[in-house]
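Here's the structure, in structure tokens; my notes come after.
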């Protein structure tokens, strides 16, 4: 199937793509409320080790992403995505039955490896079918649904754990992986028309060719530092709300609100991008975000309280809706012939890089919000600098 910049995506196509890409957010956010229980039961001597349950998934996802791209380009989208969903369900099964933290971490790592396939494959399929602003609009609609998951999943996970115990949360992953594989196999035909040879030297050359393109480097920088800012809010937010402001119960609702705002922004972007273009929307959004960060820093220095932290958080997820989809589309536009490898490289660098950039913030500054906002201000400024270097689309 060739790229089609005219006809838009069907509802069924968008729903399936959003469902598949949500496996990452679901795998992280659904079990947030269960970490304490998991630590007490599987690692009673050191319950804080339960945080490794998140890290094992995240690191396996980032590493596996690098290798998924060549497989997508050589074997096709369908077999790789179906295999990934199978691993995702298998990892959920192992985690569900795990009698020890070690086996739990192995199960979570399998889930992370499995999640890499649909996470990357969705972008490759969209690039196979669409190009230019139509591709950006399609990615934005998928991201609109994707950004709702972090707002809903923590509350849903808490309800499931309260009603059926924390292990039932992992049973949801089994259903998600198996159900997603059945839906994908039934609805989505193969979109790869010219398979590439599975060769290590070819893979390295394709990655090198992608990095030689200024638009790829600039778009990847935008995505990397925008993700770093958002991951920072995800990791540091609970401690800041609890220890700095003394309102830990408010965080899930604030997080749900910002997720809805991100979904609204993605929907608006899908409508505006065809008229205004990807570059203009990315620049304006990052300008607003940088301005909000600077104002919040000044307000914190003057003694302002909660709103000076919440405002950048809200606008950060607003930026997600207007920037991420456009950056992905800009990076992928000239690389349709190696869409799998390009998508994998883009996602892997953004995932691992954002984690490495954002993780030290809460470790260095604890629950102090001001240094944290200073860090996200720097991230936003770098993303804006990269956006200003983009050529008009």
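The values are calculated or read from the model by the stated rules, or taken from the named source; none is laboratory data. Here the structure is a predicted model, which means the values were calculated and not measured. FYI the Cβ positions are ideal-geometry reconstructions off the backbone, even for glycines, and counts take in every protein chain you see.
Of 165, 179, 121, 157, which residue is crowded, with 19+ Cβ neighbours inside 10 Å and either farther than 30 Å from residue 281 by Cβ or free of Cβ contacts under 8 Å to residues at least 40 places away in the same chain (or both)? Just a single option satisfies the conditions, and that option is 157.
Among residues that are assigned to a helix (DSSP H, G or I), more than 29 Å from residue 393 (Cβ to Cβ), touching a helix residue (DSSP H, G or I) at 6+ places or on another chain (Cβ under 9 Å) and modelled with pLDDT under 95, residue 177 is not included. Of the numbered conditions (1) closer than 21 Å to residue 258 by Cα; (2) modelled with pLDDT under 80; (3) buried (at least 18 other Cβ atoms within 10 Å of the Cβ), residue 327 satisfies every one except a single condition; which is it? Status for residue 327: all satisfied but (2). Among the conditions (1) assigned to a helix (DSSP H, G or I); (2) more than 29 Å from residue 261 (Cα to Cα), residue 153 misses just one, which is (2).
One residue is enough: does region 134-142 have a residue meeting the conditions surrounded by 13 or more Cβ atoms within 10 Å (Cβ to Cβ) and within 20 Å of residue 84 (Cα to Cα)? The answer is yes, given that some residue of region 134-142 is surrounded by 13 or more Cβ atoms within 10 Å (Cβ to Cβ) and within 20 Å of residue 84 (Cα to Cα). Just so you know, in region 30-54 the residues that are surrounded by 19 or more Cβ atoms within 10 Å (Cβ to Cβ) and modelled with pLDDT under 75 include one that is farthest from residue 162 (Cα to Cα), and it is 50. The residue pairs whose first member lies in region 254-278 and is touching a residue at least 12 places away in the same chain (Cβ under 8 Å) and on the phi > 0 side of the Ramachandran plot, whose second member is surrounded by fewer than 23 Cβ atoms within 10 Å (Cβ to Cβ) and not in a helix (DSSP H, G or I), and whose beta carbons are closer than 7 Å, counting only pairs six or more residues apart or on different chains, are 277/392; 277/393.
Scoring residue 186 on the criteria (1) touching a helix residue (DSSP H, G or I) at 6+ places or on another chain (Cβ under 9 Å); (2) over 30 Å from residue 379 (Cβ atoms); (3) in a helix (DSSP H, G or I) leaves a single failure, condition (1).
Among the residues of region 14-40, those identified as without any contact (Cβ under 8 Å) to a residue 60 or more places away in the chain and over 26 Å from residue 228 (Cβ atoms) are 36, 39, 40.
Looking at region 335-357, is at least one residue touching a helix residue (DSSP H, G or I) at 6+ places or on another chain (Cβ under 8 Å), over 30 Å from residue 76 (Cβ atoms) and modelled with pLDDT under 90? Yes, region 335-357 contains a residue that is touching a helix residue (DSSP H, G or I) at 6+ places or on another chain (Cβ under 8 Å), over 30 Å from residue 76 (Cβ atoms) and modelled with pLDDT under 90.
Being in a loop (DSSP other than H, G, I, E, B), closer than 30 Å to residue 141 by Cβ and touching a residue at least 40 places away in the same chain (Cβ under 8 Å) narrows it down to one of 70, 9, so name that one. Just a single option satisfies the conditions, and that option is 9.
Here is a yes/no grid of residues against (1) part of a helix (DSSP H, G or I); (2) modelled with pLDDT under 90; (3) crowded, with 17+ Cβ neighbours inside 10 Å; (4) touching a helix residue (DSSP H, G or I) at 6+ places or on another chain (Cβ under 9 Å):
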| residue | (1), (2), (3), (4) |
| --- | --- |
| 268 | yes, yes, no, yes |
| 281 | yes, no, yes, yes |
| 285 | yes, no, yes, yes |
| 292 | yes, yes, yes, yes |
| 304 | no, yes, no, yes |
| 308 | yes, yes, yes, yes |
| 313 | yes, yes, yes, yes |
| 320 | yes, yes, yes, yes |
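Can you run down the residue pairs with Cβ atoms below 9 Å, 6 or more apart or on separate chains, where the first is in region 195-218 and on the phi < 0 side of the Ramachandran plot and at pLDDT below 90 and the partner is outside any helix (DSSP H, G or I) and crowded, with 16+ Cβ neighbours inside 10 Å? Close Cβ pairs (under 9 Å, with a partner that is outside any helix (DSSP H, G or I) and crowded, with 16+ Cβ neighbours inside 10 Å) amount to 195/76; 202/196; 203/196; 206/196. Applying a threshold of 6 Å to beta carbon distances and a minimum spacing of six or more residues, or different chains, the list of pairs starting in region 303-323 at a residue that is free of Cβ contacts under 8 Å to residues at least 40 places away in the same chain and ending at one that is part of a helix (DSSP H, G or I) reads 311/292; 311/296; 315/289; 315/292.
Every condition in (1) at pLDDT 90 or above; (2) assigned to a helix (DSSP H, G or I) is met by residue 99 except one, and the failing one is (2). Does residue 340 meet the test of being assigned to a helix (DSSP H, G or I) and over 17 Å from residue 130 (Cβ atoms)? When the stated conditions are applied, residue 340 does not pass them.
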